[in-house]
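Encoded as structure tokens, the structure appears first; notes follow it.
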Amino acid sequence: MIYSKILKELGGKIAGIQLEGHSPKDLGSKGENLLCAGVSTLVQSAHSYLASQNSLESETKRDGYLEFLVKLDQREGYQSLLSMVEFGLKSLASTHSEAISIQDVIIKG
């Protein structure tokens, strides 16, 4: 199961993303799993772009886990990008609810 959290400020502005877990093997083996590929493409593309712009406040990466927060003073400028990722994850979850969960989490700062 893929557990995704959309990290939001109290006012609803997206601050970052957290992903944990793996897509079930019955949806395809490693390298052939389309749900895994879709989730990875969405989130890793946003993460890589934000990192290239030196816009990350923090990031943690390891096998089956990725979390990042956008710098506080840059979050407003990246809402369209982060909202697109949120929309994509929710779209995937609507067709694969048994394999991916999405939760909004309010963070401080």
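The values are calculated or read from the model by the stated rules, or taken from the named source; none is laboratory data. All of these numbers come straight from a predicted model, not from anything done at the bench. Positions of Cβ are generated from backbone atoms using ideal geometry, with glycine treated the same way; all protein chains shown enter the neighbour counts. For accessibility, only protein heavy atoms count, side chains too; no ligands or nucleic acids. Shrake-Rupley method; radii C 1.70, N 1.55, O 1.52, S 1.80 Å.
Observations
- In the range 45-55, the residues that are under 15 Å from L19 (Cβ atoms) and surrounded by 16 or more Cβ atoms within 10 Å (Cβ to Cβ): A46, H47, L50
- Pairs linking a residue in the range 41-62 that is closer than 17 Å to S80 by Cβ to a residue that is part of a helix (DSSP H, G or I) and open to solvent by 90 Å² or more (accessible area, probe 1.4 Å), with Cβ atoms under 6 Å and 6 or more positions apart or on different chains, do not occur.
- Members of the range 10-31 that are within 21 Å of H47 (Cβ to Cβ) and in contact with a helix residue (DSSP H, G or I) (Cβ under 9 Å, 6 or more places away or on another chain): K13, I14, A15, G16, I17, L19, H22, S23, K30, G31
- For the range 1-21, the candidate set comprises residues that are part of a loop (DSSP other than H, G, I, E, B) and not hydrophobic (A, V, I, L, M, F, W, C); within that set, the residue that is surrounded by the fewest Cβ atoms within 10 Å (Cβ to Cβ) is G11.
- Selection within the range 22-41 - open to solvent by less than 30 Å² (accessible area, probe 1.4 Å) and either modelled with pLDDT of 90 or more or part of a loop (DSSP other than H, G, I, E, B) (or both): S23, G28, N33, G38, V39
- Filter result for the condition that a residue is out of contact with any Lys or Arg (no Cβ under 9 Å at 6 or more places or on another chain) and touching a residue at least 24 places away in the same chain (Cβ under 8 Å), over A37, A99: A99
- Within the range 63-109, the residues that satisfy the criterion of being of a type in the set (A, V, I, L, M, F, W, C) and either farther than 15 Å from A37 by Cα or surrounded by fewer than 17 Cβ atoms within 10 Å (Cβ to Cβ) (or both) are F68, L69, V70, L72, L81, L82, M84, F87, I102, V105, I106, I107.
- Yes/no for F87 being touching a residue at least 40 places away in the same chain (Cβ under 8 Å), closer than 19 Å to E9 by Cβ and either part of a strand (DSSP E or B) or not basic (K, R) (or both): no
- Within the range 45-83, the set of residues being touching a Leu at 6+ places or on another chain (Cβ under 8 Å), within 21 Å of Y3 (Cα to Cα) and assigned to a helix (DSSP H, G or I) comprises A46, H47, L81.
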